[in-house]
Amino acid sequence: MHMETMNIVMCEFTDREGTALEAPLYLPQDAGPQQLQQIVNELLHNKEKLPYSFYISDQELLVPLENYLQKNKVSVEKVLSIVCQPQAVFRIRPVNRCSATIAGHAEPVLSVAFSPDGRHLASGSGDTYVRLWDLNTQTPMFKCTGHKNWVLCIAWSPDGKHLVSGSKAGELQCWDPQTGKPSGNPLVGHKQWITAISWEPVHLNAPCRRFVSASGDHDARIWDVSLRKCVICLTGHTDVITCVKWGGDGVIYTGSKDCTIKVWETSQGKLIRELKGHGNRVNSLALSTEYVLRTGAFDHTGKTYSSPDEVKKVALERYNKMKGNGPERLVSGSDEFTMFLWEPAVSEEYRTRMTGHQQPVNHVHFSPDGQWVASASFDRSVRLWNGVTGKFIAAFRGHIGRVYQISWSADSRLLLSGSEDSMLKVWDIRTQKLKQDLPGHEDEVYAVDWSPDGEKVASGGKDRVLKLWMG
């Protein structure tokens, strides 16, 4: 008896790492995403029914199976592999209007960052000040004074208790976000400008105490905010360290102008491994778990926790759930137009070489669910890649200047980009098309951030104003 006459097809559901959920099973060809969703929820014995999307060869299934099989001339004699991707149970509204334009900085805004709960916003500027903004009244709240040179980068601790900034002069300053006052003296040790800052994940240590800074002096340093000093210096790069990430497994990744990525353990600062392959400077690193590392115990429910132990426990649950069975993945973007996908816990060799950009890759960023990687380039495009395999998915074109920074919505359905052309653009991942143009800045947009709670977007750049955008 032929399969065609029975109108069924043998399918195998897998997770995004390719692990089968169940033995292959026969499904009616007229089954569409809704029916598949019911089947998967039953297979996995989910008490609460979860939303899923389904992918065959990296294409989302939006029609009944038979339509897909006919259109793509797929044989029903073979087992059809279907990747199930859990979707966020909440939906983020696309931002579509500027709700506030706030003056305050006297020089270009170089960085913007929402706190992990999305309730506070900080910015750093060429005017030497860090500013904290009141999101309820959409007005300046604190002007944090102490730096003597441009503020190049800022980072919130994942428990929301600290904000750290790094300057062109090489010093770091820790601030109390509740008061805008410095917590102690500047942290000195670096001999050149600070390029990046990353906090130790709160699921490894609560309350947050340690962060790592990268610098033009070829070193990275681990600092303890309680001891107010540098506890470990990571030495070994032979040129500027451009980016740094503190991974969920407890290791630190540093990317450098010397073309290498180094992996360090954090109790003594020993070099564990070196990731080689790039032929030019590494500009940006992204971790598949970045969103849960940034937000710690905070999620879309807005629930808060009283004790550090509870924060640590909830953060660990969120991290393990997001990471799933696969290893933590790392993507690097470089000046020689290429990107690499790595699984550093598994191998020193890259998993995939990702090519297609025509100019340096300035920023790479995983979606909160780890399913996608987006890249921003000086070739004026944003590209979308499969976050597990590194396979190219789509190019988003429309900017007429270099794209500096990108940021994801918390539900992984929308992507924001900021460019030299003064525009922000919101891209729809499902349709792979432009969702919204956000004009308003009068000059280059250097920094964008979508708040972790999804409610708002902040942007800043050469025109010195901070803009807030809402849906």
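The values are calculated or read from the model by the stated rules, or taken from the named source; none is laboratory data. None of these values were measured; they are calculated from a predicted model. Don't worry about glycine lacking a Cβ; one is built from the backbone with ideal geometry, like all the others, and counts go over all protein chains shown. Surface accessibility is based on the protein's heavy atoms, side chains included, excluding ligands, DNA and RNA. Shrake-Rupley method; radii C 1.70, N 1.55, O 1.52, S 1.80 Å.
Miscellaneous remarks
- Residue 298 vs. criteria assigned by the TED database to the domain that holds residue 233, part of a loop (DSSP other than H, G, I, E, B) and hydrophobic (A, V, I, L, M, F, W, C): yes
- Enumeration of residues in the range 239-265 that are farther than 20 Å from residue 360 by Cβ and of a type in the set (Val, Ile, Thr): 251, 252, 263
- Among the residues of the range 106-117, those identified as at pLDDT 95 or above and buried (at least 18 other Cβ atoms within 10 Å of the Cβ) are 108, 109, 110, 111, 112, 113, 114, 115, 116.
- Residue check for residue 102: in the same structural domain as residue 367 (by the TED database) and modelled with pLDDT under 95: yes
Residue by residue, here is whether (1) over 24 Å from the mean Cα position of the chain (by Cα); (2) assigned to a strand (DSSP E or B) holds:
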{"residue": "169", "(1), (2)": "yes, no"}
{"residue": "175", "(1), (2)": "no, yes"}
{"residue": "195", "(1), (2)": "no, yes"}
{"residue": "201", "(1), (2)": "no, no"}
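- Between 465, 445, the distinction of being β-branched (Val, Ile, Thr) and under 23 Å from residue 378 (Cβ atoms) belongs to 445 only.
- Some residue of the range 367-377 being polar (S, T, N, Q) and within 21 Å of residue 117 (Cα to Cα): yes
- Checklist (1) open to solvent by 10 Å² or more (accessible area, probe 1.4 Å); (2) within 22 Å of residue 98 (Cα to Cα) applied to residue 419, failing item: (1)
- Any hit, the range 305-315, residues being within 26 Å of residue 405 (Cβ to Cβ) and within 16 Å of the chain's Cα centre (by Cα): no
- Note on the range 199-220: among residues that are over 28 Å from residue 309 (Cβ atoms) and not acidic (Asp, Glu), the one that is surrounded by the most Cβ atoms within 10 Å (Cβ to Cβ) is 214.
- Residue check, residue 436 closer than 21 Å to residue 114 by Cβ and at pLDDT 95 or above: yes
- For the residues 226, 213, the requirement of being under 17 Å from residue 186 (Cβ atoms), in a loop (DSSP other than H, G, I, E, B) and in the same structural domain as residue 275 (by the TED database) singles out 226.
- Within the range 169-198, restricting attention to residues that are charged (D, E, K, R) and closer than 13 Å to residue 142 by Cβ, the residue that is most open to solvent (accessible area, probe 1.4 Å) is 181.
For every residue, the table says whether it meets (1) open to solvent by 40 Å² or more (accessible area, probe 1.4 Å); (2) under 25 Å from residue 372 (Cβ atoms).
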| position | (1), (2) |
| --- | --- |
| 16 | yes, yes |
| 29 | no, no |
| 68 | no, yes |
| 76 | no, no |
| 82 | no, yes |
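- Residue 437 being assigned to a loop (DSSP other than H, G, I, E, B), open to solvent by 20 Å² or more (accessible area, probe 1.4 Å) and among the acidic types (Asp, Glu): no
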